[in-house]
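Quick notes on the structure that follows.
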C-alpha cells in the first residue's frame with residue numbers, strides 16, 4: 001500500500017542512532033525529506049538517509065534545554081520549508097535507586113524525555129495549527145508496563161509522554177492534526193547497550209516472539225501512523241511494537257514446551 005508520504009517533510013529527534021536512525025531511514029525510504037536532530041549528528045547516518053534521494057538536514061540540539069528545542073524546530077521549518085511530520089524520539093536515562101535520586105539526574109531525565117517533548121510539540125503545533133494539517137508521533141517505552149529497578153525517573157518520564165500525547169491529541173484534532181504514540185520493547189541501542197548478555201538471554205525467554213526488535217520496524221510503524229493515506233482516522237492511539245514483551249507471560253513453561261502446545265493434531 002502506498003503511504004503517499006513522498007514529498008512530505010519530517011523532523012526526527014535523536015535521529016542519528018538507534019531507534020531514531022531506524023525511523024529516519026524508514027521515512028527516507030518513503031521519500032520524506034528530513035531534518036535529523038541530535039546532540040552530535042553522525043555524518044554516516046546523514047549520508048545513509050541521503051542515499052535514498054531525499055533532502056536531509058543535520059541539526060545539532062540538546063533537547064534538555066528549552067531554547068535549543070525552540071531553535072531546532074525553527075531551523076527545521078525554515079530549512080525544509082515547513083513540517084508535515086514531527087517524531088519525538090530523543091531520550092536518555094540516568095538510573096538511580098529511589099533513596100539516592102539526586103536533582104541533577106532527575107531533571108536531566110525528565111527534561112530530556114518529557115519536557116523536551118512538551119516544548120517541541122508546542123512549537124511544532126503552532127506551525128501545524130496555522131496550516132491545519134500535520135502528524136505527530138511520540139516514542140514511548142514499555143517501561144510503562146514492565147517495571148525495573150532504578151528506573152523511577154525514566155518510567156515517570158515515559159508515563160508522562162503518553163499522558164501528554166492524549167491531551168495533545170484532543171486539543172489538536174479540531175485543527176486536522178493527528179497525534180499518536182509508539183511503544184517499543186527491547187531494541188539494541190546505545191540506551192540499552194550495557195545490558196549484560198546473561199540478562200538478554202533471560203529477556204529472550206519472556207518475549208513471546210523470542211527476539212529483539214529491529215529499529216527499522218519502529219520506523220515502519222512511524223510511517224504507518226504518519227501517513228494520512230493509511231491512518232487518516234487514527235489519533236490518540238498507542239501502537240505497541242515489542243514482540244509481546246508487555247504481555248509479561250510468567251516463566252512457568254519452558255519455551256520449547258510452549259511451542260509444542262499448538263503443534264500436531266488436536
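Each value in this text was obtained by applying a stated rule to the coordinates, not by laboratory testing. No experiment lies behind these values; they were computed from the predicted model shown. For neighbour counting, all protein chains shown are included, and Cβ atoms are generated from backbone atoms with ideal geometry for every residue, glycine included.
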When the gyration tensor of the range 109-156 is built from Cα positions, what are the square roots of 5 times its three eigenvalues, in whole Å, from largest to smallest? 29, 12, 5
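Can you tell me the convex hull volume per residue for the range 97-180, based on C-alpha atoms, in Å³ to the nearest whole number?
Spelled out: Cα convex hull of the range 97-180, divided by residues, is 75 Å³.
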Roughly how many Å is it from the Cα centre of the range 49-120 to that of the range 164-221, as a whole number? 17 Å
To the nearest 10 degrees, how steeply does helix 197-206 sit against the main Cα axis of the chain, on a 0 to 90 scale? 80 degrees
Give me the angle, in degrees from 0 to 90, between the Cα long axis of helix 152-172 and the longest principal axis of the Cα atoms of the chain, rounded to the nearest 10. 50 degrees
Per-residue ellipticity at 222 nm for the chain, helices alone: DSSP H runs ≥ 4 residues times -39500 (n - 2.57), over residue total, nearest 500 deg cm²/dmol? -12500 deg cm²/dmol
Listed residues 247, 149, 239, most fluctuating in the chain (Gaussian network, C-alpha, under 10 Å): 149
Could you give the alpha-carbon Rg of the range 1-112 over 2.2 N^0.38 Å, rounded to two decimals? 1.16
Ordering 58-64, 121-127 by per-residue average of other C-beta atoms within 10 angstrom, highest first, gives 58-64, 121-127
So for each of 201-207, 180-186 I average, over its residues, the number of other beta carbons within 10 Å; can you give me the resulting order with the highest mean first? 180-186, 201-207
Quick check on the chain: of the DSSP beta bridges with both residues there, what percent are antiparallel, nearest 5%? 0 percent
Taking the chain as the reference, fit the longest principal axis to its C-alpha atoms, fit the long axis of helix 116-131 to the helix C-alpha atoms, and give the angle between the two in degrees, 0 to 90, nearest 10. 50 degrees
Run through every distinct alpha carbon pair of the range 66-123 and return the Kirkwood hydrodynamic radius in angstroms, one decimal place. 12.8 Å
